[in-house]
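Beneath this line is the structure, given in structure tokens, with notes to follow.
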Amino acid sequence: MRYYSEPDGNPHFDLKDGYKDRYIKRDESVKEKLDHILRWILANRSKLSSKWRPQPHHDVDFVTWRGHLTKLLTTPYETREGWLLAVTRFRNTLYISEVETEAARRELENRTERHQEMMYWGYKFEQYTCADNVHSSPDPGGVVNTNEAFCTVVQTRLADHRLLFSGEVDCRDKDPNAPGPPACYVELKTSAEICTPKQRSNFHRFKLLKWWAQSFLPGVPRVIAGFRDHDGVVVTVETFPTSKISHLIKSEPNCWKPTVCMNFCSDFLTVVYLFSYEPHRDVTYSVHRDSQYSFLPHWYVRELTS
Ligand code: A3P
Ligand code: MG
Ligand code: MG
């Protein structure tokens with residue numbers, strides 16, 4: 001975990017610096033699935049409640065990555081990228097792991113050189129603003145290694161669903177008196193400078209939705225954004241408190257709403273399987289996430305989840 005080091009009022013961070021000679025890039029062809037989370041669960045069984053001991057009692061409904069949940073949250077507003085999620089049940093816990101879509105694979109293969117370089121920019125910004133420990137300063141002359149990351153593990157609830165998920169955290173507050181995790185965590189972002197009303201509107205509609213969904217889930221209270229010019233130089237840095245993001249966008253007509261995201265995600269996790277048999281045919285099933293086929297009454301669910 002690194003420490004956030006506030007830049008001075010007039011930054012000039014060249015995000016292109018070091019791309020050619022000081023960049024160790026994670027091998028994206030390696031699909032790690034849920035492996036790191038599963039290892040974490042095994043290593044921390046004693047810390048977790050009885051469910052993770054080898055007994056037939058479970059109080060986590062879903063295990064997944066934060067990033068997968070972010071995708072679920074933003075689905076009601078997503079018009080460009082689809083997803084594939086594989087779900088498997090083991091001892092009454094559902095494990096959700098993403099599968100690469102054909103479109104995502106093609107996109108990965110056809111990335112332009114410019115796009116490849118721009119992916120580096122976000123990590124380079126982290127290097128300009130993060131120190132290795134409380135008393136040191138950021139080292140922009142160092143190597144950017146995207147194999148390195150700190151992940152937090154969160155147990156929380158979304159409506160009736162008990163979730164255990166893990167997500168990467170960029171850095172934390174330097175102040176030793178800062179509140180404990182996740183309140184001391186900071187998410188770093190970069191974005192293109194906003195020069196026109198159209199750009200501002202797009203930023204509110206698309207970027208802030210993604211930023212909110214990502215940080216809201218693990219309770220990261222601050223998103224710190226570096227705004228860069230076309231040449232990849234960060235010229236301003238601005239803080240977005242996660243809890244205020246949904247108010248910021250209210251001036252935007254027909255904009256996204258946090259409740260729509262959360263209701264969608266919650267409904268998704270409550271899917272009903274409808275099995276069907278017609279004589280002389282195979283048994284088939286369909287999956288429904290509307291309430292039409294839901295049959296567990298509220299009084300039952302409430303009693304068992306309180
Ligand atoms: P930015 O989001 O500032 O562009 P994160 O912000 O989630 O911690 O991710 C860190 C950086 O990883 C991003 O910084 C971006 O540079 C890169 N990155 C993450 N996901 C990406 C994706 N799907 N496509 C391209 N770059 C990505
Ligand atoms: Mg990150
Ligand atoms: Mg980040």
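The values are calculated or read from the model by the stated rules, or taken from the named source; none is laboratory data. Note that this is a predicted model, so its numbers are computed, not measured. All Cβ positions, glycine included, derive from the backbone under ideal geometry; neighbour counts span all protein chains shown. Just so you know, the surface numbers come from the protein's heavy atoms only, side chains and all, with ligands and any DNA or RNA stripped out. Shrake-Rupley method; radii C 1.70, N 1.55, O 1.52, S 1.80 Å.
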Fluctuation leader among Ser291, Ser246, Ser215 - the chain, Gaussian network, Cα springs under 10 angstrom: Ser291
Among His36, His68, His280, which one shows the highest mean-square fluctuation when the chain is modelled as a Gaussian network with alpha-carbon springs under 10 Å? His280
Could you run the Karplus curve 6.51 cos²θ - 1.76 cosθ + 1.60 with θ = phi - 60° over region 87-103 and give me ³J(HN,Hα) per residue in whole Hz, x for Gly and Pro? 10, 10, 9, 9, 6, 6, 9, 9, 9, 10, 9, 6, 10, 5, 7, 4, 5
Relative contact order of region 147-306: what whole-number percent is it, with Cα pairs under 8 angstrom and at least 6 residues apart? 16
Determine, from the Cβ-Cβ distance of Ala183 and His247 and an R0 of 22 Å, the FRET efficiency 1/(1 + (r/R0)^6), rounded to the nearest 0.05. 0.65
Short version: ³J(HN,Hα) in whole Hz for each residue of region 222-238, in order, from phi by Karplus 6.51 cos²θ - 1.76 cosθ + 1.60 (θ = phi - 60°), x for Gly and Pro, what are they? 10, 10, 10, 10, x, 8, 10, 7, 5, 8, x, 10, 6, 10, 9, 10, 9
Nearest 0.05, what FRET efficiency do Tyr300 and Arg39 give at R0 = 25 Å with Cβ-Cβ as r? 0.10
Using the Cα gyration tensor of region 82-151, with a ≥ b ≥ c the square roots of its eigenvalues, what is the shape: rounded (a/c below 1.5), prolate (a/b larger than b/c) or oblate (neither)? oblate
How big is region 203-306 by the Kirkwood estimate over distinct Cα pairs, in Å? 17.7
Carbon and sulfur together cover what percent of the accessible area of the chain at a 1.4 Å probe radius? 52
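What is the chain's relative contact order, in percent, from Cα pairs under 8 angstrom and six or more apart in sequence?
About 22 percent, as a whole number.
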Overall Cα dimensions of the chain - principal axes, largest extent first, Å: 70, 46, 38
Relative to the longest principal Cα axis of the chain, at what angle does helix 113-129 sit, 0 to 90 degrees, rounded to 10? 80
Within region 1-35, find all residues whose amide N lies under 20 Å from a label point positioned 7 Å from the Cα of Asn147 along Cα-to-beta-carbon. 1-2, 18-35
For the chain, the per residue accessible area (1.4 Å probe, Å²) is 61
Of Trp83, Trp121, Trp256, the most mobile residue in a GNM of the chain (C-alpha springs, cutoff 10 Å) is Trp83
